[in-house]
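The values are calculated or read from the model by the stated rules, or taken from the named source; none is laboratory data. The structure displayed is predicted, hence computed values, not measured ones. Because the Cβ atoms are built from the backbone with ideal geometry, glycine has one as well, and the counts that use them run over all protein chains shown.
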Amino acid sequence: MQEENTKPRAAILNKKWYLYLTEFFSGMSVMAVELGASRLLAPYFSSSQIVWTIIIGTIMIAMALGNYFGGRWADKNPDPDRLYKRILLSAVWIAAIPFVGKLIIVGVSGLLIVTVSTNFLIWAAFLACMLIFVFPLFLLGTVTPSLVKYTTDSLEDNGRTVGTLGAFNTIGSIIGTFAPTFITIPAVGTAVTFMIFSGILLLLGIVYFVSCGRSKIRTAVCTVLFIGFCVAGTTLGFAFWEKALAFEGESVYNYLQVKEDDRKAVLSTNVLFGVQSVYMKDGGLSGLYYDTAMAAPLMSSAGERSSLLVLGMGTGTYATQCSRFYPEMTTEGVEIDESITELAREYFALDEKINVVTYDGRAYLNALRSGREGRKFDVIMVDAYQDITIPFQMSSKEFFTLVRDSLNEGGVMVVNMNMRSDSPEGINAYLSDTIASVFSEVWTADVRGSTNRELFASNSPEMMTNLAKGINALQNEDLRSTLTDVSSELVRYEAGDLILTDDNAPVELLGMRAIDGLIGKELSYYKEIFERDGLTGLLESLR
């Protein structure tokens, strides 16, 4: 039997407009939390399609459960107080996410270090999503079926009423999709974005309960908790264990972190693994993959007078090194994230004379090819692969054909493959086979002490002869020694038939497998410590 609701109906609900506003803002908040979730997880687990799939799947589970139980609860006891109490609770939970969520992510990752052997990132991202986002979005999932119950007066107008609710929800969702990406996250960051939309939900609940004069203590407690979490969330950074960061912030595309000391500056877009750029302040070689890639200009027919284009400029480490060691080279770059270029000028001594275009790498090549100039280059470096986030449009046969057509005769392409994998059907095999289907000469060299592999490709049979001559002519002894070692380690690649195309390029799944193998090797080390020395020994090794 349905429970009888003896509470007087709040006057604010009499004309239904407040119910429609509730639907509007709840739909907006759901989408804002979903987009905020991607930005919260990206610095730890990347922003790949796989992580997006986990986020969307988790949120759909929460919303489905919320819709189901919200309908049942509304039928059992059609009391709007219950709905607005759930909205208040969801508001406080969402406000807590920037603080508590980061602790949960680090805690889950630490737990999985000693419990899983494969698919670490998938499990970590999934469990973090379940713990952080399912409950508040489950509560928001109860909003629509509850409002249908409260707004429908008769069967004669129920279609129009439900349709109006759906329209308000959809419009709110549209705004909640665009506002975080283009307004709040770039302007004030992920943490404040969560707080803005949780504040809207909190205000919905407060206005309702103030209008009907009930639940004063509850609203006061929720308000105090909201303020407390706002303060805590804005003071806890993504890498909250790091005490001396030169810069930590966000752009439209990335989480950005700069570490700096007397020797070098380092850019990272992920707090758990990976370094995107390094600048050595003494003007020497970096000791990283950029040094190996320094062989590319000498492989081209233009040698030290090559024209260089870097797709995925980052902070310009490679361009800076080439300009320093090959002063007759001309250099320009393409970087989709303008904020990284700004950091490059401020922390990484990127020369103002080096032009950097804010654009997608492939789109830029297309624009050059269709333009009147028809400019071509002697060396094109592809350095746009970031942890497992590999742009499929810059990994296909069509893309590498475009690169080939953008090279001068005797030109060379160098590709930084940042996840070394020797699997016969791994990401490197696919990329190498695809490149070998476009270029006749393909050579690879693994970078010592890292997971990187550099691939050099050309249609000139003289590329290795050019390299030998170029090395002999070098005046800088450090560079000559480094490239002599690189030359001895170059291996000619034998082409296979694993071809990536614009229509079929599962690079993120392949990348996930590769990084899972790399992480698995690291985890085995920590598991041995845990088994031998226990939790205390593990924590000591992580310091």
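Being hydroxyl-bearing (Ser, Thr, Tyr) and surrounded by fewer than 16 Cβ atoms within 10 Å (Cβ to Cβ) narrows it down to one of 151, 170, so name that one. Give the steps one after another, and end with the answer.
Values: 151 fails: surrounded by fewer than 16 Cβ atoms within 10 Å (Cβ to Cβ).
Of 151, 170, the one residue that is hydroxyl-bearing (Ser, Thr, Tyr) and surrounded by fewer than 16 Cβ atoms within 10 Å (Cβ to Cβ) is 170.
Residues that are surrounded by 17 or more Cβ atoms within 10 Å (Cβ to Cβ) and either assigned to a loop (DSSP other than H, G, I, E, B) or aliphatic (A, V, I, L, M) (or both) within segment 215-232 comprise 215, 225, listed in sequence order. Only a single item in (1) in the same structural domain as residue 39 (by TED's automatic domain parsing); (2) closer than 23 Å to residue 100 by Cα; (3) surrounded by fewer than 17 Cβ atoms within 10 Å (Cβ to Cβ); (4) of a type outside the set (A, V, I, L, M) is not met by residue 247, and it is number (1). Here the condition is being closer than 21 Å to residue 486 by Cα, among the acidic types (Asp, Glu) and in the same structural domain as residue 375 (by TED's automatic domain parsing); of 304, 328, it holds for 304 alone. In segment 233-244, what residues are of a type in the set (Phe, Trp, Tyr) and loosely packed, with under 12 Cβ neighbours inside 10 Å? Matches in segment 233-244: 241 only. Yes or no: residue 248 farther than 23 Å from residue 20 by Cβ, of a type in the set (Asp, Glu) and free of Cβ contacts under 8 Å to residues at least 12 places away in the same chain? In short, yes.
The residue of segment 250-265 that is surrounded by the most Cβ atoms within 10 Å (Cβ to Cβ), among those that are part of a strand (DSSP E or B) and more than 18 Å from the chain's Cα centre (by Cα), is 265. The residue list 191, 179 contains one member that is within 30 Å of residue 269 (Cβ to Cβ) and either crowded, with 22+ Cβ neighbours inside 10 Å or not assigned by TED's automatic domain parsing to the domain that holds residue 100 (or both), which is 191. Number of residues in segment 293-328 that are out of contact with any helix residue (DSSP H, G or I) (no Cβ under 8 Å at 6 or more places or on another chain), closer than 17 Å to residue 355 by Cβ, touching a residue at least 60 places away in the same chain (Cβ under 8 Å) and surrounded by 23 or more Cβ atoms within 10 Å (Cβ to Cβ) equals 1.
Please work out which residue is modelled with the highest pLDDT, limiting yourself to segment 187-210 and to residues that are more than 11 Å from residue 32 (Cα to Cα) and of a type outside the set (A, V, I, L, M).
The initial filter retains those residues of segment 187-210 that are more than 11 Å from residue 32 (Cα to Cα), namely 187-189, 191-192, 199-210.
Now restrict to residues that are of a type outside the set (A, V, I, L, M): 189, 199, 205, 208-209.
Values: 189: 87, 199: 96, 205: 93, 208: 91, 209: 92.
Applying the filter and picking the extreme gives 199.
Can you tell me which residues in segment 36-56 are over 14 Å from residue 132 (Cα atoms) and part of a helix (DSSP H, G or I)? I'd like the intermediate steps shown before the answer.
Initially, segment 36-56 is screened for residues over 14 Å from residue 132 (Cα atoms), giving 42-53.
Within segment 36-56, 42, 43, 44, 45, 49, 50, 51, 52, 53 qualify.
For segment 304-338: of the residues being of a type in the set (Asp, Glu), part of a loop (DSSP other than H, G, I, E, B) and under 23 Å from the mean Cα position of the chain (by Cα), which is modelled with the highest pLDDT? Result: 335.
Does residue 165 qualify as being at pLDDT 80 or above and in the same structural domain as residue 17 (by TED's automatic domain parsing)?
Details: at pLDDT 80 or above: yes; in the same structural domain as residue 17 (by TED's automatic domain parsing): yes.
Yes, satisfied.
Out of all the residues in segment 138-157, which are within 25 Å of residue 12 (Cβ to Cβ) and either part of a helix (DSSP H, G or I) or not assigned by TED's automatic domain parsing to the domain that holds residue 56 (or both)?
Narrowing segment 138-157 to residues within 25 Å of residue 12 (Cβ to Cβ): 139-154, 156-157.
Within segment 138-157, 139, 140, 141, 143, 144, 145, 146, 147, 148, 149, 150, 151 meet the criteria.
For segment 188-201, the set of residues classified as more than 15 Å from residue 19 (Cα to Cα) and of a type in the set (A, V, I, L, M, F, W, C) consists of 188, 191, 192, 194, 195, 196, 197, listed by residue number.
Yes/no matrix, rows are residues, columns are (1) more than 23 Å from residue 104 (Cα to Cα); (2) in a helix (DSSP H, G or I); (3) touching a Cys at 6+ places or on another chain (Cβ under 8 Å); (4) hydroxyl-bearing (Ser, Thr, Tyr):
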| site | (1), (2), (3), (4) |
| --- | --- |
| 159 | yes, yes, no, no |
| 186 | yes, yes, no, no |
| 195 | no, yes, yes, no |
| 207 | yes, yes, no, no |
| 234 | no, yes, no, yes |
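The condition (being under 15 Å from residue 294 (Cβ atoms) and surrounded by 19 or more Cβ atoms within 10 Å (Cβ to Cβ)) is satisfied by just one residue among 414, 438, 403: 414.
Checked against the criteria, residue 239 counts as among the small types (Gly, Ala, Ser) and closer than 22 Å to residue 45 by Cα. Among residues belonging to segment 271-283 that are in a loop (DSSP other than H, G, I, E, B) and modelled with pLDDT of 80 or more, point out the one that is surrounded by the fewest Cβ atoms within 10 Å (Cβ to Cβ). Going through the qualifying residues, I end up with 282. Selection of segment 288-303 for residues being within 28 Å of residue 238 (Cα to Cα) and either modelled with pLDDT under 85 or not in a loop (DSSP other than H, G, I, E, B) (or both) yields 289, 290. Only one of these conditions is not met by residue 341: (1) over 19 Å from residue 294 (Cα atoms); (2) among the polar types (S, T, N, Q); (3) assigned to a loop (DSSP other than H, G, I, E, B). Which number is it? Unmet condition: (3).
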